[in-house]
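The structure appears below as structure tokens.
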Amino acid sequence: MNDELLRLIQGYRDDFLGVDQTTLIACLKAIQSQYGEVPAEAIDMMVQELNTTPGILKSLILRIPSLKMASKVHTILLCNGERCSNRGAEAFIHSVETTLKTRVGEKTPDGLFILKTQRCLGRCAFGKNVNLDDQALTEMTLEKLLVAIEHIK
Ligand code: FES
């Protein structure tokens, strides 16, 4: 996607006249038409290529109801290391998969979360351990994880 997206954005560059808001909107609409929504990397590329700012682009997306920014995908990283496994990590991971209707390595049906596992998160004494994006969660239960997930949505 990256090369194709970059070429699309570069098609809206005008080094002589600069890029006005009408052109930025046209570019955002073309990206959305191609990808179904405006991916986060499109914002970064537009900032680089079209000499604009993330703030301007995000305010345009908010102002124009037909434009939709891609939702951030949150990572739920479940420890499946030995010490957490001794505390029931395997059954815990299975209950997370069942409750969130997904599997390790895949996204939830709403596309907001992806489940991953890692052998040891370096907090063995406090297992079962989970990282929810950059939050370190310890002594986890399914109920505690669901509360954390609701807070981050
Ligand atoms: S085994 Fe889970 S944090 Fe080390």
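Structure data summary
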item	result
Search result, residues across region 111-131 that are touching a helix residue (DSSP H, G or I) at 6+ places or on another chain (Cβ under 7 Å) and either over 14 Å from I93 (Cα atoms) or among the charged types (D, E, K, R) (or both)	F113, C124, K128
Of all residues making up region 97-134, the number that are modelled with pLDDT under 95 and among the polar types (S, T, N, Q)	1
Near pairs, Cβ below 7 angstrom, 6+ apart or cross-chain, from region 117-130 (touching a residue at least 12 places away in the same chain (Cβ under 8 Å)) to any residue that is more than 7 Å from the ligand (Cβ to nearest atom) and of a type in the set (S, T, N, Q)	T117/N80; R119/N80; L121/N131; R123/T138; F126/T138; N129/T138
L57 being assigned to a helix (DSSP H, G or I), within 20 Å of the chain's Cα centre (by Cα) and away from the ligand (no atom under 16 Å from the Cβ)	yes
Where L77 falls short, out of the listed (1) surrounded by fewer than 16 Cβ atoms within 10 Å (Cβ to Cβ); (2) assigned to a strand (DSSP E or B); (3) not acidic (D, E)	(1)
Checking A42 against (1) more than 16 Å from S59 (Cβ to Cβ); (2) within 19 Å of the chain's Cα centre (by Cα); (3) surrounded by 11 or more Cβ atoms within 10 Å (Cβ to Cβ), the condition it does not meet	(1)
Hits in region 136-153 - residues which are outside any helix (DSSP H, G or I) and modelled with pLDDT under 95	K153
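Here's the yes/no breakdown for (1) of a type in the set (D, E, K, R); (2) modelled with pLDDT of 95 or more:
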{"position": "R7", "(1), (2)": "yes, yes"}
{"position": "D15", "(1), (2)": "yes, no"}
{"position": "Y35", "(1), (2)": "no, no"}
{"position": "V47", "(1), (2)": "no, yes"}
{"position": "H74", "(1), (2)": "no, no"}
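Condition check ((1) touching a residue at least 40 places away in the same chain (Cβ under 8 Å); (2) farther than 21 Å from D3 by Cα) across all residues:
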{"position": "A40", "(1), (2)": "no, no"}
{"position": "I43", "(1), (2)": "no, no"}
{"position": "R63", "(1), (2)": "no, yes"}
{"position": "F92", "(1), (2)": "yes, yes"}
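The values are calculated or read from the model by the stated rules, or taken from the named source; none is laboratory data. This is a predicted model, so every value here is computed, not measured. With ideal geometry, Cβ positions are generated from the backbone for all residues, glycine too; neighbour counts draw on all protein chains shown.
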